[in-house]
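Below is one structure, written out as structure tokens; comments come after it.
The values are calculated or read from the model by the stated rules, or taken from the named source; none is laboratory data. This is a predicted model, so every value here is computed, not measured. As a convention, Cβ positions derive from the backbone with ideal geometry for all residues, glycine included, and neighbour counts pool all protein chains shown. We work out accessible area using only protein heavy atoms, side chains counted, and drop any ligands, DNA or RNA first. Shrake-Rupley method; radii C 1.70, N 1.55, O 1.52, S 1.80 Å.
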Amino acid sequence: MGVKVRLTAADLWRMGEGDVRRELVDGEVIELSPVGGVHGELTLEIGRRLAEHVRWHSLGRVMVGDVGFILRLPWDPERVRAPDMAFVAAERLPEGKLPAGFIEGAPDLAVEVLSPNDNPVDLQQKVRDYLEAGARRVWVVAPEARTVTVYRPDGTARFLREHEALEGEEVLPGLAIPLAELFGP
């Protein structure tokens, strides 16, 4: 019986970007399926709105495209998650710059856009991972249902419907994105 090798964040980094999206969970590489058009367009639109607001108010940096975050969870210190979008506050960036490699710690805001093939259990584990590692908010966007769920570190969540607005609260003060605009006609 062979011994299973537990990979590290550095091992995952050395695999490179390639054609496959990857995360590292419990020392194992998890390959993620490519996303569809609706997911891509919605990710772009949310990212655009976040980036404009963050840039205008000099709040930090917004990233899209599955940027890796090393979460350093007590039970899995090498866990690497890659949200669809992320915001990192300026005060957490040395000299205001992003590292070339994975980012240490959770983003202040992680955004996950659901795809039809997403596993609900895996998604809830991702939300938990981000929050346990220090994320201040996690947004889960459900394009088919035209809703967003906002998760907070204290265990509370708010379910937003199409007629409501997604607000940045204290993480992104002044941000308000009407869901009706976001999801379109």
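Below are the figures for this structure:
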item: Among (1) open to solvent by 60 Å² or more (accessible area, probe 1.4 Å); (2) in contact (Cβ under 8 Å) with a residue 40 or more places away in the chain; (3) in contact with a helix residue (DSSP H, G or I) (Cβ under 6 Å, 6 or more places away or on another chain) - the single one Leu71 does not satisfy; result: (1)
item: The lone exception for His57 - which of (1) open to solvent by 50 Å² or more (accessible area, probe 1.4 Å); (2) closer than 23 Å to Arg146 by Cβ it fails; result: (2)
item: Among the residues listed as Leu160, Leu175, Leu182, Leu131, the single one being modelled with pLDDT of 95 or more and closer than 17 Å to Thr43 by Cβ; result: Leu175
item: Close pairs (8 angstrom Cβ cut-off, 6 or more residues apart or separate chains): free of Cβ contacts under 8 Å to residues at least 40 places away in the same chain in region 84-100, exposed (fewer than 10 other Cβ atoms within 10 Å of the Cβ) anywhere; result: Ala90/Ser58
item: Subset of region 11-32 (residues that are open to solvent by 50 Å² or more (accessible area, probe 1.4 Å), modelled with pLDDT of 75 or more and outside any strand (DSSP E or B)); result: Asp26
item: Selected residue (criterion: nearest to the chain's Cα centre (by Cα)) from residues of region 80-114 that are open to solvent by 10 Å² or more (accessible area, probe 1.4 Å) and more than 20 Å from Val54 (Cα to Cα); result: Arg81
item: Enumerated strands (runs of 3 or more DSSP E) restricted to region 57-176, each holding at least 2 residues that are aliphatic (A, V, I, L, M) and over 24 Å from Ala9 (Cα atoms); result: 137-142, 147-151, 157-160, 165-167
item: Failed condition for Val127, given (1) open to solvent by less than 20 Å² (accessible area, probe 1.4 Å); (2) among the hydrophobic types (A, V, I, L, M, F, W, C); (3) under 23 Å from Glu52 (Cα atoms); result: (3)
